[in-house]
Amino acid sequence: MLVAPSVLGANFANIGQDVIDAEKAGADILHLDVTDGHFVPNLTLGVDMIKAIKPLTKLPLEAHMMVTNPNLWIKDFANAGVNRFLIHFESNGNVYQLIQEIKSKGLEAGIVVNPGTSVSSIKEF
């Protein structure tokens, strides 16, 4: 089992220290919940925040992309230092092509489903 605390749960006034503390506490991965205000109604982390977090930790960064068009974010997140890029099955785009694009940037790819979506819908991937 891997422990992947979400940075979204950090104190944003002290996010750098919270990232350092998560690593010291034994986290295996840092989970980054990214929203665009469209796929889900709120806004969270962006590329600049990830660039600020990356030098503070040796932990891999996992971006959970709760965004409408994940293809628009792949290159920037790869350049910011993300290791794993998780897309929602329900987002716009051809899932197979998105996975190929993610992998072409040297990232691990993953698929996430909303609670109302059957896991069988991603079985082919």
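Only one of Ile20, Ile15, Ile53 is under 20 Å from Asn79 (Cβ atoms) and either without any contact (Cβ under 8 Å) to a residue 12 or more places away in the chain or of a type in the set (Val, Ile, Thr) (or both). Can you tell me which?
Answer to the check: Ile53.
Taking segment 67-125 on its own, how many of its residues are over 22 Å from His38 (Cα atoms), of a type in the set (A, V, I, L, M, F, W, C) and without any contact (Cβ under 8 Å) to a residue 12 or more places away in the chain?
The qualifying residues number 1.
Of everything in segment 98-125 that's assigned to a helix (DSSP H, G or I) and modelled with pLDDT of 95 or more, which residue is nearest to Val40 (Cα to Cα)?
This residue is Leu98.
When residues of segment 23-61 are filtered for being within 14 Å of His88 (Cβ to Cβ) and charged (D, E, K, R), how many remain?
Result for segment 23-61: 2.
The values are calculated or read from the model by the stated rules, or taken from the named source; none is laboratory data. Since the model is a prediction, treat every value here as computed from it, not as a measurement. Cβ: placed from backbone, ideal geometry, glycine included. Neighbour counts: every protein chain shown.
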